[in-house]
1. Tally up the residues in region 80-102 that are in contact (Cβ under 8 Å) with a residue 12 or more places away in the chain, more than 16 Å from the ligand (Cβ to nearest atom) and of a type outside the set (D, E, K, R), please.
2. Answer yes or no as to whether L209 is aliphatic (A, V, I, L, M), in a helix (DSSP H, G or I) and in contact with a strand residue (DSSP E or B) (Cβ under 8 Å, 6 or more places away or on another chain).
3. If you go through region 138-180 one residue at a time, how many are touching a helix residue (DSSP H, G or I) at 6+ places or on another chain (Cβ under 8 Å) and not charged (D, E, K, R)?
4. Would you point out the residue of region 1-38, among those that are closer than 12 Å to I92 by Cα and more than 11 Å from the chain's Cα centre (by Cα), that is surrounded by the most Cβ atoms within 10 Å (Cβ to Cβ)?
5. Name the residues in region 8-57 that are charged (D, E, K, R), in contact with a Pro (Cβ under 9 Å, 6 or more places away or on another chain) and closer than 21 Å to L129 by Cα, would you?
6. Can you tell me which of (1) of a type outside the set (A, V, I, L, M, F, W, C); (2) in a loop (DSSP other than H, G, I, E, B); (3) modelled with pLDDT of 95 or more; (4) buried (at least 17 other Cβ atoms within 10 Å of the Cβ) is the one G65 doesn't meet?
7. Can you name the residue in region 152-168 that is more than 10 Å from the ligand (Cβ to nearest atom) and outside any helix (DSSP H, G or I) and, of all such residues, is farthest from I90 (Cα to Cα)?
8. Looking at A106 and the list (1) more than 16 Å from the ligand (Cβ to nearest atom); (2) outside any loop (DSSP other than H, G, I, E, B); (3) of a type outside the set (F, W, Y), which single condition is not satisfied?
Amino acid sequence: FAPQPFENVNLLLTAGPTREAIDPVRYISNHSSGKMGFALAQAASEMGAKVTLVSGPVNLSTPLGVTRIDVDSAAEMHAAVMQHVNHQDIFIGCAAVADYRIANIATRKLKKSSSDTMTLDLVKNPDILASVANLTPKPFTVGFAAETQDVVHYAKDKLMRKKLDMIAANDVSQPELGFNADNNALCVIWDDGQQMLPTTDKYTLAKQLLSLIADKRLNE
Ligand code: C5P
């Protein structure tokens, strides 16, 4: 029988959205379903990896054999990733992490005021992917880029800026792909090459992306 591509490989990944609390009953979030990250976790596990999945709030069941850690906010996701990143061979940042959080979370439900406008102060969240990419030694680090224009241009910039080993870019302006869809298409970019993975279901795409990761990681 063929050896498993990820035998003895530890793989950590993030998936889903984050929720940034405004007060005890409200939050800011996004449309990420977590489907791409969960497909990656399932496929990686089937390819022999020991998978740890740090997930934001999603309606998906945990793939067989995968260790799942549930978090809400970007700060919690960052803490969970930093706690588990030691001894990881591969890190994939698939979560749609909120770039900002509320500066001062209200301890009581905010009341409607007489004013027609209200302002929320936001502060920047830690960049989880960049934090992992800055570790020494670091796992083979893969990011996602959801762009609506100049997809490849911005993805290449992100690869360099965040010191990633690979980036998978998807065009979220196409309504039938990306967020919450069952299908996706990716343009995968690394330091000296790129490959298009055309539209297919997220599980098939996950296996194709993981095969590329397996190849490039060994050629580093
Ligand atoms: O810069 P941008 O947010 O577009 O980069 C997207 C990539 O960075 C994704 O892989 C996402 O999971 C990761 N990211 C992160 N922490 C953040 C913001 C983005 O890990 N705070």
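1. 1
2. yes
3. Final tally of qualifying residues: 14.
4. Top of the filtered list is L11.
5. R19
6. (4)
7. Here the residue is K163.
8. (2) is the only condition that A106 fails.
The values are calculated or read from the model by the stated rules, or taken from the named source; none is laboratory data. Bear in mind the structure is a predicted one, so any value in this text is a computation, not a measurement. Quick reminder, even Gly has a Cβ in these numbers, built from the backbone with ideal geometry, and neighbours come from all protein chains shown.
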